[in-house]
């Protein structure tokens, strides 16, 4: 095994998650590459130093350019706001360094296209952070679908619903300004990525998008991005689908949930109960037909490394550790692992098509 110097841009919510993951991944998965927490970047020297001390990095900086250029930083994790992703990734690829970028890939489709072009020109390993699809339960669901165990898929329903902005009296934050920070830019990418992973490419869609709370305290000029959205779609394999997204869904805290209906069975999953998968098999005996609850355990993907007991469960941070393992494996083999930047760009492309459909009121072919 050998060490690899990790630089992380951003020390907040996701910056902490990736810092913890890089510190733990070698012990959990016995990776050939062992991360060395080399440098962390934040918006000020004081906050960067605070994160350095808290997370165990060797050094801190308020200048992401210095982090990217530093020779002891060998791989870069981008965990900063969407509008910063493109510039950091392009600089990292120019320095011939692998990049892991949090979702969404770019603040818009133009950014994503430029980032994919930079990745391809450099030949560097690249990966986008869609952590929820990496739970043992969702990995198992994906395998069931791919093996044809529920027959041909005919229907998919997916949602990503939360209620963190349901209170209209809550003061405006950065989330209430800019298209990239609305529900379609923030929550929708996760479930769109899930649909692509579980079912396949989307061929056409018809969308409706709305702002529910158009004014908030501190929002001069009003809230300018979306609270809720949905679209019907037809997948390239012929399956029909419906995806919905909301940040004002009262009672939903992590409502990343999906249902998949096939010709010989069905699957249900809800991230709020992330260690269980519900499976229906049409060929069960007549008196035994019904959804059965499968508790994840050592027989499911990426579970055993965390816990030897079935039903004990994995958590949110474990998903990020699995991502870290995959990113290190990609660097070790010099081969990008799904989802690559190109996969992240496809999510941006679908979001842009949804906005276009909502504006025109028409179906959009992809």
Could you give the radius of gyration (one decimal) and Dmax (whole number) of the Cα atoms in region 186-339, in Å?
-> 19.2, 62
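Of the beta bridges DSSP finds with both residues in the chain, what % are antiparallel, to the nearest 5?
55
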Using alpha carbon centroids, what distance separates region 144-190 and region 253-273, in Å?
-> 14
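Ranked highest first by average number of other Cβ atoms within 10 Å, how do 194-201, 164-171 line up? Kindly include the intermediate steps, with their values, before the conclusion.
Details: 194-201: 20.2, 164-171: 13.9.
The most tightly packed comes first, giving 194-201, 164-171.
Translational diffusion coefficient, Stokes-Einstein: compute it for region 203-259 using the Kirkwood radius over C-alpha pairs as Rh, at 37 °C and 0.692 mPa s, and state it as an integer in µm² s⁻¹.
Numbers: Rh = 13.4 Å.
Reported coefficient: 245 µm²/s.
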Once you have a ≥ b ≥ c as the square roots of the Cα gyration tensor eigenvalues for region 297-366, tell me rounded if a/c is under 1.5, and otherwise prolate or oblate according to whether a/b is larger than b/c.
-> oblate
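For region 2-130, how big is Rg over Rh, using alpha carbon atoms and the Kirkwood form of Rh?
Working: Rg = 13.6 Å, Rh = 14.4 Å.
Reported Rg/Rh (Cα atoms, Kirkwood Rh): 0.95.
Based on the Kirkwood radius over alpha-carbon pairs, what is the Stokes-Einstein translational diffusion coefficient of region 41-83 at 25 °C with 0.890 mPa s viscosity, in µm²/s?
Details: Rh = 10.8 Å.
It diffuses with D of about 226 µm²/s by this estimate.
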How big is the C-alpha Rg of the chain next to the rule-of-thumb value 2.2 N^0.38 Å, as a ratio?
-> 1.00
Distribution output for region 137-178: share of Cα-Cα pairs per 5 Å bin in percent, first bin at 0, values 5, 15, 16, 15, 7, 7, 10, 13, 9, 3
Percent relative contact order of region 2-130, based on C-alpha pairs within less than 8 angstrom and at least six residues apart?
-> 22
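Kirkwood Rh over Cα pairs of region 91-186 into Stokes-Einstein at 4 °C, 1.567 mPa s: D in µm²/s?
Numbers: Rh = 16.9 Å.
My calculation gives 77 µm²/s for D.
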Using a 10 Å cut-off on Cβ atoms, rank the peptides 311-320, 228-237 from the highest mean neighbour count down.
-> 228-237, 311-320
Which of 250, 205 comes first, and how do the rest follow, when ranked by fewest Cβ neighbours within 10 Å?
-> 250, 205
If you take all C-alpha pairs in region 44-113, what percent of them are over 17 Å apart?
-> 46
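Each value in this text was obtained by applying a stated rule to the coordinates, not by laboratory testing. Owing to the predicted nature of the structure, the values given are computational and were not obtained by experimental measurement. Because the Cβ atoms are built from the backbone with ideal geometry, glycine has one as well, and the counts that use them run over all protein chains shown.
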